[in-house]
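Colleague: Take this structure first; my questions come after.
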Amino acid sequence: MNQTSGHRALRSGRHSAPGQIYLVTFATQARQPWFRDTRMAMAACRTFAVSAEAADAHFICWVLMPDHFHALLRLGATGDLSRCVQRLKGCATTACGCVRRL
């Protein structure tokens, strides 16, 4: 039996089905509380709705904590869970990176 570890193990058996509802959670790098900074939190929040919509997903609800994010989202007809999460994380990272440089 082949053992996997880390992120690969988390993705093992994962599938994505259009129209389904998923609980998504992701954390900041090294669980740093970046979102305690109001500017960082607002930058991330502004990107979430746009990013989800672009990935053909819609939030049912979500919450941003100082070092992580939780959401219930429904995939649309062409939505893909992995691409949606990748887009959410990437856009939030870019937005927060712009705030940090100010």
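Colleague: What percent do you get for the relative contact order of the chain when only Cα pairs under 8 Å and 6+ apart count?
Modeller: Relative contact order here is 35 percent.
Colleague: R0 = 30 Å: FRET efficiency of residue 20 with residue 98, Cβ-based, nearest 0.05?
Modeller: Taking R0 as 30 Å, the efficiency between residue 20 and residue 98 is 0.35.
Colleague: Okay, next question. Tell me, what is the FRET efficiency for residue 56 and residue 29 to the nearest 0.05, using R0 = 25 angstrom and their Cβ-Cβ distance as r?
Modeller: Working: r = 27 Å, r/R0 = 1.08.
The value I calculate is 0.40.
Colleague: Highest first, please rank the peptides 77-89, 21-33 by the mean number of other Cβ atoms sitting within 10 Å of their residues.
Modeller: 77-89, 21-33
Colleague: Still on this model: What angle, in degrees between 0 and 90 and rounded to the nearest 10, separates the Cα long axis of helix 81-101 from the longest principal axis of the Cα atoms of the chain?
Modeller: Roughly 10 degrees between the two axes.
Colleague: Would you please give the residues with an amide H less than 5 Å from that of residue 68, counting only those at least 5 places away or on a separate chain, with H modeled from the backbone geometry?
Modeller: Distant-sequence amide H within range of residue 68: 28.
Colleague: Once you charge only the Cβ atoms, +1 for Lys and Arg and -1 for Asp and Glu, what is the size of the charge dipole of the chain about its Cα centre, to the nearest 20 debye?
Modeller: Approximately 280 debye in magnitude.
Colleague: State the percentage of accessible surface on region 7-86 attributable to carbon and sulfur atoms; use a 1.4 Å probe and exclude ligands, DNA and RNA. All intermediate terms of the calculation are to be shown ahead of the outcome.
Modeller: On the way: 2860 of 5150 Å².
Carbon and sulfur: 55 percent of the exposed surface of region 7-86.
Colleague: Right, another one. What accessible area per residue comes out for the chain, rounded to a whole number of Å², with a 1.4 Å probe?
Modeller: 68
Colleague: Debye calculation, C-alpha points only, no solvent: report log10 I(q)/I(0) for the chain at q = 0.16, 0.18, 0.20, 0.23 Å⁻¹, in the same order as the q values.
Modeller: Calculated log10 I(q)/I(0) at the listed q: -0.71, -0.87, -1.02, -1.22.
The values are calculated or read from the model by the stated rules, or taken from the named source; none is laboratory data. On a predicted model such as this, the values are computed, not experimentally measured, just so you know. Please note: Cβ atoms are built from the backbone with ideal geometry, for glycine as well, and neighbour counts cover all protein chains shown. These area figures cover heavy atoms from the full protein model, side chains too; ligands, DNA and RNA do not enter into them. Shrake-Rupley method; radii C 1.70, N 1.55, O 1.52, S 1.80 Å.
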